[in-house]
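Asker: Here it is: the structure, laid out below.
Read-outs: derived from the displayed coordinates by stated rules, not from any lab. Here the structure is a predicted model, which means the values were calculated and not measured. Please note: Cβ atoms are built from the backbone with ideal geometry, for glycine as well, and neighbour counts cover all protein chains shown.
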């Protein structure tokens, strides 16, 4: 594939797919930006118009994910218990994830194989938890309840996500969120 103009349609998507394929084939550390751009049929300059570095290919949607969680939580009914409001926000992520299951599976394999990427994923989750706790505080939930509900919600998210990307699991993300929340509630109820 020859190098195409930077105005080619879906450059970001092509770069993302090329990067992920190379990360799976060769490993994250062994893959260069030049190789990603070449595989996508684009230039390195185009790569850097879309991503700050090769890690960002795996994390670029974190801001949108945070915005979805925050806006969904902020619009939850006032009568909702904090953990239920957080769980509803986490469940709303299904709309974003639905069409990207195979990408998410491959992404998770790449992250699991690299300590630096695992650290970045943990930072992303901590940032999401802090954002959710902030919304809960603005909704009148005092600490430590706000932080506990946010952390528990992220734990539910993490467990549901791990189960969702498992190739042997075909359940929808939202169903896995509900199951994980029910398991958390059972554990905390002493059942």
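Asker: Does residue 125 satisfy being part of a helix (DSSP H, G or I), free of Cβ contacts under 8 Å to residues at least 40 places away in the same chain and under 12 Å from the mean Cα position of the chain (by Cα)?
Answerer: yes
Residue-wise test of (1) under 23 Å from residue 186 (Cα atoms); (2) in contact with a helix residue (DSSP H, G or I) (Cβ under 6 Å, 6 or more places away or on another chain).
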| position | (1), (2) |
| --- | --- |
| 119 | no, no |
| 122 | no, no |
| 128 | no, yes |
| 141 | yes, yes |
| 144 | yes, no |
| 154 | yes, yes |
